[in-house]
Ligand code: NAD
């Protein structure tokens, strides 16, 4: 396969170089070089941000009203569907996802874009009746230039979580994909141009986080940062942003539990746990990586679950029957492998998998791991407490609601949780007791563009999705207009 070039995207064109040399982009299924990426130095990032600033302030963009921005986003959604094959191919070779999963991601991406297309002209301020001879109103305005920093696990979907609300609100956005997976981000920026967004409204910087990412966050013209990635980097970004009082949205790591009570539909719960833990090879922030199961049914449930995990078909992403592909990056492959190998030493019992997966032929140099199910895991073990971001599911036994809540809440993350029970009152009690931003009851991983995702604890701050996710790209303004020249001026002064 010919090695592609991918470069930073600015003012409607892709640059040949960005001042910081080139980085290899590798197909994780084969280990083969697929692209050479031109990385940005700080000067190049500065040039790209200035282009976004010019585009934001341009009369051309100022004239585009909210309904018109909505139409551009509708066009973008259509283009994403029309170019699905191309986008799927890029994501397949770059991220290593199975083709069937990618078809679903195209539909998901288009649906998020359409939601924000419809929402663009529905941003409403408020008018309040106050005493003292004034009308009081709140309005929303775009920030100007915003940054969207993306992880490597869902590059296209994550870009769709950031570009549409940013554009619907009237901003210009600079995207920064992971250095591991730049292909669909640049492709999406080109589609934005084709959808009618003026040059410079969607730009892309490429390169490492510590260089290009840092320069983007620190740039004075970038007024808002929406970051999806690890907790460590999120913490760093928040500190950097604080120096200039920038608004920050952080969607970070998770250590999500699925809690199975004895009265649950065990077959369905096992199916949900297997899907949620191993889809995308466990590289999903809301994936369940712990299954908490009530003592009295634990043996039966684990038997059901182990049978399902053993049947998961790992293999060539191009194969229609493949359910799970490779790990996306070599670094993450090594990290997850280390957690899996160390789990035995911590006292875990391997029920399925437990290490590397040897593949042959073209796949022999890919980053392959076995779907791994671990029993006898306890809170306090690293495999229980820390985010692995790989195909490892830890089973923990509990007895009674109180203990389930205690174990589930014992980790530092608070992204999502899932409860399986036939007792709806218990389901409601668990919704109240679990300290996570998303809770599923008798379901798992379901979501809609309308439903906000508000992470808790070390899983982040702010909100993505829903109308709140749109307002996250707007600045508020409060205005008071006096209409009574006899009314006192000042508030209690
Ligand atoms: P990462 O934090 O290493 O990198 C994320 C992005 O930040 C990349 O584009 C990277 O280049 C950039 N970056 C790194 N250092 C930077 C710096 N100093 N300044 C600015 N940018 C910098 O994360 P990752 O390894 O790409 O992704 C995996 C992580 O993402 C996991 O922890 C996962 O849970 C999390 N994630 C969270 C969600 C969510 O919605 N909560 C979704 C997907 C992934």
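Points to keep in mind about this one:
- FRET efficiency for residue 399 and residue 121, using Cβ-Cβ distance with R0 set to 56 Å, rounded to 0.05: 0.55
- Those residues of the range 115-135 whose amide nitrogen sits under 15 Å from the label point placed on residue 480, 7 Å along Cα→Cβ: 128-135
- Cα pair distances in the range 256-441, grouped into 5 Å bins until the bin that holds the longest one, percent each: 1, 9, 18, 22, 20, 15, 8, 5, 2, 1, 0
- Rough spin-label spacing in nm, given labels placed 7 Å along Cα→Cβ, for residue 85 and residue 33: 2.9
- Debye intensity ratio in log₁₀ form over the Cα atoms of the range 186-329, taken at each q of 0.08, 0.13, 0.15 Å⁻¹: -0.39, -0.82, -0.93
- Simple spin-label estimate for residue 57 and residue 4 gives 3.5 nm between the two label positions (7 Å along the Cα-to-Cβ direction from each Cα).
- Net length available on complete extension from residue 451 to residue 232 is 76.2 nm, with 0.36 nm assigned per residue and the Cα-Cα distance removed.
- Sequence-separation-based contact order of the chain, relative, with Cα cut under 8 Å and 6+ spacing, percent: 18
- Rh (Kirkwood; distinct C-alpha pairs) - the range 302-386, Å: 13.8
- Rounded tilt (10° steps) of 66-82 against the dominant C-alpha axis of the chain: 40
- Compared with the dominant Cα axis of the chain, that is its longest principal axis, helix 330-345 is turned about 40°.
- Alpha-carbon Debye profile of the chain, log10 I(q)/I(0) at 0.09, 0.13 Å⁻¹: -0.64, -1.22
- Size descriptor for the range 175-221, Kirkwood hydrodynamic radius: 11.4 Å (Cα pairs only, one decimal).
- Within the chain, antiparallel bridges make up roughly 40 percent of the DSSP beta bridges whose residues both belong there.
- Modelled spin labels at residue 320 and residue 103, positioned 7 Å past Cα toward Cβ, are 0.7 nm from each other.
- Given their separation in residues at 0.36 nm each and the Cα-Cα distance between them, residue 422 and residue 13 gain 141.6 nm when the chain is fully extended.
- Residue list for the range 133-165, given a label point 7 angstrom along the Cα-to-Cβ vector of residue 50 and an amide N cut-off under 20 Å: 144-147
- The range 256-441, relative contact order [Cα under 8 Å, separation at least 6], %: 28
Laboratory data are not the source of any read-out in this text; all were calculated from the coordinates shown. What you are looking at is a predicted structure, and each value in this text was computed from that prediction instead of being measured. Every residue, glycine among them, receives a Cβ derived from its backbone with ideal geometry; neighbour counts consider all protein chains shown.
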